[in-house]
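The numbers here are math on the coordinates, done by the rules we state, and not lab data. Because the structure is a prediction, the values reported are computed rather than measured. Every residue, glycine among them, receives a Cβ derived from its backbone with ideal geometry; neighbour counts consider all protein chains shown.
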Amino acid sequence: MQKVYNPKEVEDRLYKMWLEKKYFHAKIDYSKKPFTIVIPPPNITGQLHMGHALNNTIQDILIRFKRMQGYCTLWLPGTDHASIATEAKIVEKMKEEGLTKEMIGREKFLERAWEWKRVYGGRIIEQLKKLGASCDWDRERFTMDEGLSNAVKEVFVRLYEKGLIYKGERMINWCPTCHTTISDAEVEYEEKKGKLYYIKYPAKDNSYYVVVATTRPETMLGDTAVAVNPNDQRYKHLIGKTVVLPLVNREIPIIADDYVDMEFGTGVVKITPAHDPNDFEIGQRHNLPMVQVIDTKGYMNENAGKYAGQERYAARKNIVKDLKELGLLVKEEDYTHNVGHCYRCSTVIEPLVSKQWFVKMKPLAEPAIRVVKEGKIKFIPERFEKIYFNWMENIKDWCISRQLWWGHRIPAYYCRDCENMMVSREEVKVCSKCGSSNVYQDEDTLDTWFSSALWPFSTLGWPEETEDLKYFYPTDVLVTAYDIIFFWVARMIFSGLEHMGKEPFKYVLIHGIVRDAQGRKMSKSLGNGIDPLEVIEKYGADALRFTLVTGISPGNDTRFHMEKVEANRNFANKIWNAARFMLMNLDIDTSFKPDESKFTFTERWILSRLDTLIREVTENLEKFEIGIAAQKLYDFIWDEFCDWYIEMSKPILYNKEAENNKEVQYVLLTVLTNVLKLLHPFMPFVTEEIYLNLPHDEESLVISKWPEAKCYYSADDIRVVENLIELIKSIRNMKTERNVSPKIKPNIYIQTNDKLMLEQKYLWEVYVKRLAGVGEVLLSEKVPENSISIVLSWGVCYIKLKDIIDIEEELKRLTEEKERLIKEVERSEKLLGNENFVKKAPQKVVDEEKEKYKKYRQILKSVEEQLDRLLKLKRDEIRDEL
Ligand SMILES: [Zn+2]
Ligand SMILES: [Zn+2]
């Protein structure tokens with residue numbers, strides 16, 4: 001083994017070897033149970049960030065664990081075409097060349113997109129390999145592969161034929177910058193300060209008027225009614241009458257609708273069915289006309305009269321100004337409200353009525369709610385189920401058409417001659433109604449999430465009935481951050497139920513976000529992002545992986561500290577060094593059969609502890625308690641194994657003549673081999689490299705057998721060693737606290753009723769002498785005079801003071817300390833007695849001085865007491881000598 005562990009050299013070499021040996025490839029084996037995870041497909045525009053690193057480390061830990069447990073494991077990787085994100089990148093790049101989409105046309109644009117995918121799409125896959133991900137790369141998929149595209153078409157046609165996909169005029173969220181619709185889940189709400197404008201709408205003959213309150217006066221040009229609550233006594237007499245819409249001079253009715261909140265503003269609201277989702281619904285109920293006044297680019301259109309052509313916010317300003325001049329603006333108030341923004345570009349969303357494709361959600365949501373209620377799918381942690389139910393129970397129809405080119409084109413065709421619409425799996429060339437060949441395909445593409453919703457089965461070959469699909473579906477766990485539960489998880493659940501008749505996974509394991517050391521989100525704008533690849537380059541993938549998962553608990557965010565990465569790099573080195581040390585002293589191989597009667601209590605102790613560790617780590621991993629498992633492994637390896645057992649075993653290991661020398665070698669090798677296996681899913685590289693250097697009988701840890709607990713348990717030995725460790729640690733602490741030189745080896749006096757410890761003293765005392773630097777270990781019934789005591793859980797340990805300190809030296813030190821403190825007290829007293837200081841100095845300085853004064857006096861008192869004790873000790877000693 002190399003003197004120093006060098007992750008850079010080891011990681012690339014081992015990963016290549018694993019790939020060559022096809023360890024990650026899942027070969028269907030009906031004698032084994034399958035265990036399947038599908039990767040949340042990263043966007044082809046993506047670069048590995050800490051969120052991916054955490055997400056994929058968790059998946060890799062689970063997969064490696066299950067692979068070692070003997071499951072036929074498949075971790076299916078792939079990427080998402082990410083229509084909106086990718087299209088934006090390409091449009092941006094074309095802009096540099098002075099080109100637009102329209103200038104080059106759909107076909108040329110798609111050529112560029114595929115080229116972009118070819119060049120950059122594999123980048124994140126290569127980065128996942130650096131992390132050590134044990135995906136089955138032979139099964140890598142892409143959402144726009146031929147097979148997956150067929151699945152998309154199949155689903156669209158099936159749902160359309162079932163009446164679950166329809167085309168309709170609906171209120172949609174429109175992003176004027178991305179120039180496409182976006183789904184409800186893609187709208188991010190943010191509190192914004194705005195104004196609430198109160199506008200007077202007079203009657204035609206000016207005999208009455210109403211005042212409406214609105215945050216968006218520019219939409220008033222599209223008002224087709226004003227509404228009041230039917231129970232509102234203030235306005236009852238006006239229901240059914242009309243008012244004149246200012247600036248436009250259009251007469252609109254006053255209607256009554258329960259939706260109107262009597263408490264909001266004046267209790268009268270304007271109704272703009274074309275630009276507000278609630279107004280849209282009121283409009284439907286009352287059969288109101290729709291007047292669109294804002295276009296798809298966020299500008300006022302021809303219906304906006306003199307404001308036509310103005311940008312929506314400019315128009316707002318002008319409208320307010322004009323209303324003021326007409327005396328129709330009653331007042332404006334500051335107002336904070338939630339404004340929807342595009343999740344991609346942060347532009348304020350414009351609700352628009354538009355002809356779009358929708359998925360009817362209610363019939364799909366119901367079974368998806370049921371499977372979670374029945375526990376067929378479990379969310380971990382459970383609290384996310386509530387959020388899921390809340391979302392699913394209030395779900396609206398899903399707008400799936402996007403005005404983009406990169407993506408799955410909607411398989412609907414129209415006839416120009418008879419307006420016939422045809423939805424088809426195959427390309428339509430001839431109208432089914434009139435026979436005309438003047439047909440064209442829908443220009444829009446599908447929402448990216450439409451294809452990723454099918455990911456757990458489309459990747460396995462659906463709609464073909466493949467072997468893979470039969471064997472690996474349903475998958476076992478879906479590992480994801482909480483931010484895409486609605487985008488993705490919910491849609492996979494109803495899609496799996498609808499098309500496969502079975503839920504797509506059994507568990508949804510939710511993890512949090514990786515934040516920076518101060519708890520802030522990592523972001524480009526803050527510049528606080530840490531590149532996982534740089535961390536891997538510097539400290540190795542193992543250190544990064546272990547840092548990401550230590551201490552995590554499902555659903556909660558974590559903080560990323562570079563110091564922890566360093567500490568975990570040191571952890572890898574610690575194991576490396578322990579293994580090197582052992583190898584240098586090892587002359588047995590794996591065929592050695594120990595004589596267990598030669599085990600001493602330390603061997604029985606470490607084997608019992610190993611057994612417990614195996615049992616607990618296995619159980620933790622089964623329950624997805626990855627953070628807890630990692631911590632237990634760290635503690636066992638660092639403390640119990642390296643710091644204690646290896647230290648305790650050294651004298652025998654060095655003594656080749658010792659009768660149990662080979663038994664100790666055997667135990668060291670057994671414990672190390674087992675902890676390497678347990679740690680392998682977390683730190684795959686360093687563990688494999690060590691394992692292959694040790695005497696070993698399996699080809700590789702990747703495909704080795706997960707350790708099994710042997711129910712090896714020796715309660716007495718555990719207790720003796722724990723008591724021993726407690727004693728050694730306490731003596732060491734005492735020595736550090738009192739600055740006792742390591743050369744000084746005091747006798748210790750143990751007072752205890754613990755029968756086991758008394759009986760086995762002959763066994764453990766050698767360890768205390770050697771590891772705590774102690775002279776004789778004596779038993780004592782009474783308290784030795786002038787001694788310090790160390791209270792233990794099983795007795796008391798006394799050490800005579802004179803054995804650990806040089807009285808003269810200590811007297812001199814304490815006397816000097818006393819003099820120094822007296823000077824400080826005098827100085828402080830004088831200062832605080834000075835009226836000028838107390839009056840003129842800032843209060844903070846005076847308070848600090850008072851605090852100092854108090855502290856000096858306390859320390860002085862304690863030093864004086866120590867001196868007194870020491871002087872008494874000196875007198876006693878002189879008397880003893882006489
Ligand atoms: Zn946008
Ligand atoms: Zn036709």
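Could you tell me what a quarter of the Cα convex hull surface of region 340-415 works out to, in nm² with one decimal place?
Computing the convex hull of the Cα atoms and averaging its projections yields 8.0 nm².
Within 10 Å of each residue's Cβ, count the other Cβ atoms and sort Cys342, Cys711, Cys434 from fewest upward.
Cys711, Cys434, Cys342
So if I restrict to the alpha-carbon atoms in region 461-577, what is the Rg, and what is Dmax, the biggest pairwise distance, in Å?
Final numbers for Rg and Dmax: 18.9, 55 Å.
As an exercise, take the mean of 1/r over every pair of distinct alpha carbons in region 180-351, invert it, and state the Kirkwood radius in angstroms. Write down the numbers at each step before the final one.
Values: mean 1/r = 0.0603 Å⁻¹.
Roughly 16.6 Å, rounded to one decimal.
Please state, as a whole number in µm²/s, the translational diffusion coefficient that the Stokes-Einstein equation yields for region 392-434 at 37 °C and 0.692 mPa s, with Rh defined as the Kirkwood radius across alpha carbon pairs. Intermediate values should be presented prior to the final figure.
Numbers: Rh = 12.8 Å.
After rounding, the answer is 256 µm²/s.
Enumerate the amide H contacts of Ile44 below 5 Å, restricted to partners 5 or more residues apart or on another chain; note that Pro and chain-start residues carry no placed amide H.
The list, which skips near neighbours in sequence, is Asp80, Ala82.
Work out, in µm²/s and without decimals, the Stokes-Einstein translational diffusion coefficient of region 807-881 at 20 °C, 1.002 mPa s, Rh from Kirkwood over C-alpha pairs.
Numbers: Rh = 14.2 Å.
In µm²/s, the coefficient is 151.
Can you give the three extents of the C-alpha atoms in region 577-643 along their principal axes, from longest to shortest, in whole Å?
39, 28, 22
Give the Debye-formula value of log10 I(q)/I(0) at each listed q (0.09, 0.17, 0.18, 0.21 Å⁻¹), with one equal scatterer per alpha carbon of region 40-180, two decimals each.
-0.41, -1.10, -1.15, -1.26
Under 23 Å Cα to Cα from Lys241, which lysines show up? Leave out anything in the same chain fewer than 8 places away.
Answer for Lys241, where 23 Å is the Cα cut-off: Lys200, Lys204, Lys270, listed by chain and number.
Taking region 717-803, how many lysine pairs are there with alpha carbons less than 20 Å apart, if each pair must be eight or more places apart or span two chains?
Lysine pairs, 8 or more places apart or on different chains, close enough: 24.
Among the trypsin sites (Lys or Arg not before Pro) in region 1-75, which ones are in a DSSP loop with at most 10 other Cβ atoms within 10 Å of the Cβ? Mind listing them?
Lys3, Lys27
Just how large is the dipole of region 128-177 about the Cα centre, in debye to the nearest 20, putting +1 at every Lys and Arg Cβ and -1 at every Asp and Glu Cβ?
Dipole size: approximately 180 debye.
Charges on Cβ only, +1 for Lys and Arg, -1 for Asp and Glu, centred on the Cα centroid of the chain; of Gly340, Leu328, Leu99, which one is farthest towards the dipole's positive end?
Leu328
Any idea what angle helix 661-679 forms with the longest principal axis of the chain, computed on alpha-carbon atoms, 0 to 90 degrees, nearest 10?
That works out to roughly 20 degrees.
Run the count for region 29-150, please: Lys pairs, Cα-Cα under 21 angstrom, 8 or more apart or on different chains.
Qualifying lysine pairs in region 29-150: 15.
Name the residues whose placed amide hydrogens come within less than 5 Å of the amide hydrogen of Arg515, ignoring near sequence neighbours (fewer than 5 apart) on the same chain.
The answer is Thr558, Arg559, Phe560.
Quick one: compute the contact order of region 717-803, relative version, from alpha carbon pairs under 8 angstrom and 6+ residues apart, as a percent.
Relative contact order for region 717-803 comes out at 37 percent.
Projected onto the charge dipole of region 427-516 (+1 at Lys/Arg Cβ, -1 at Asp/Glu Cβ, origin at the Cα centre), which of Leu446, Ser432, Phe505 gives the Cα projection farthest towards the positive end?
Farthest towards the positive end: Phe505.
Please get the size of the charge dipole for region 546-713, origin at its Cα centre, with Cβ charges of +1 on Lys and Arg and -1 on Asp and Glu, quoted in debye to the nearest 20. Please report the intermediate quantities before stating the final value.
On the way: 18 positive and 27 negative charges, 36 e Å.
The calculation lands at about 180 debye.
Dividing the Cα radius of gyration by the Kirkwood radius, what Rg/Rh value follows for region 1-119?
Dividing the radius of gyration by the Kirkwood radius yields 1.13.
Count of lysine pairs in region 324-422 with Cα atoms under 28 Å apart, counting only pairs 8 or more residues apart in sequence or on different chains?
18
What list of ³J(HN,Hα) values in whole Hz, one per residue of region 575-591 in order, does the Karplus curve 6.51 cos²θ - 1.76 cosθ + 1.60 (θ = phi - 60°) give from phi, with Gly and Pro shown as x?
Karplus-based 3J(HN,Hα) across region 575-591 equals 5, 4, 5, 4, 5, 4, 4, 5, 4, 5, 10, 9, 10, 10, 10, 5, 7 Hz.
Kindly write out, for region 764-770 in residue order, the coupling ³J(HN,Hα) from the Karplus curve 6.51 cos²θ - 1.76 cosθ + 1.60 (θ = phi - 60°), rounded to whole Hz, with x marking Gly and Pro.
Couplings: 8, 5, 4, 5, 5, 4, 6 Hz.
Counting other C-beta atoms within 10 Å, and keeping those with at most 13, which DSSP coil chymotrypsin sites (Phe, Trp or Tyr not before Pro) do you find in region 4-99?
Qualifying residues, ordered by number: Tyr30.
Take the alpha-carbon centre of region 631-657, take the same for region 662-725, and report the distance between them in whole Å.
For region 631-657 versus region 662-725, the Cα centre distance is 12 Å.
Report the Cα centroid-to-centroid distance between region 280-312 and region 179-201 in angstrom, as an integer.
So the two Cα centres are separated by 15 Å.
Test of the criteria: in region 744-782, which GluC sites (Glu not before Pro) are in a DSSP loop and have at most 10 other Cβ atoms within 10 angstrom of their Cβ?
Glu781
What is the ratio of the Cα radius of gyration of the chain to 2.2 N^0.38 Å, where N is its residue count, to two decimals?
1.31
Short version: ³J(HN,Hα) in whole Hz for each residue of region 757-762, in order, from phi by Karplus 6.51 cos²θ - 1.76 cosθ + 1.60 (θ = phi - 60°), x for Gly and Pro, what are they?
Working through the residues one at a time gives 5, 5, 4, 9, 3, 4 Hz.
How high is the relative contact order of region 180-351? Use alpha-carbon pairs under 8 Å, at least six apart in sequence, and give a whole percent.
Relative contact order here is 31 percent.
Please state the relative contact order of the chain as a whole percent: Cα pairs under 8 Å, 6+ residues apart?
Averaging sequence separation for qualifying contacts and normalising by length gives 12 percent for the chain.
Sequence-distant or interchain residues sharing an amide H contact under 5 Å with Val508, placed H: which?
Under 5 Å from the amide H of Val508: Lys378, Phe379, Ile380, Leu478.
Largest first and to the nearest Å, give the Cα extent of region 643-690 along each principal axis.
On the principal axes, region 643-690 reaches 38, 18, 14 Å in Cα extent.
Need one number: convex hull volume per residue for region 697-777, Cα atoms only, in Å³.
Normalising the Cα hull of region 697-777 by residue number yields 170 Å³.
If you split all Cα-Cα distances of region 497-545 into 5 Å bins from zero, what percentages do you get per bin, shortest first?
5, 15, 14, 16, 15, 8, 8, 10, 9, 1
In terms of Cα to Cα distance under 19 Å, which aspartates and glutamates are near enough to Lys830, apart from those fewer than 8 places away along the same chain?
Partners found: Glu819, Asp847, Glu848, Glu849, Glu851.
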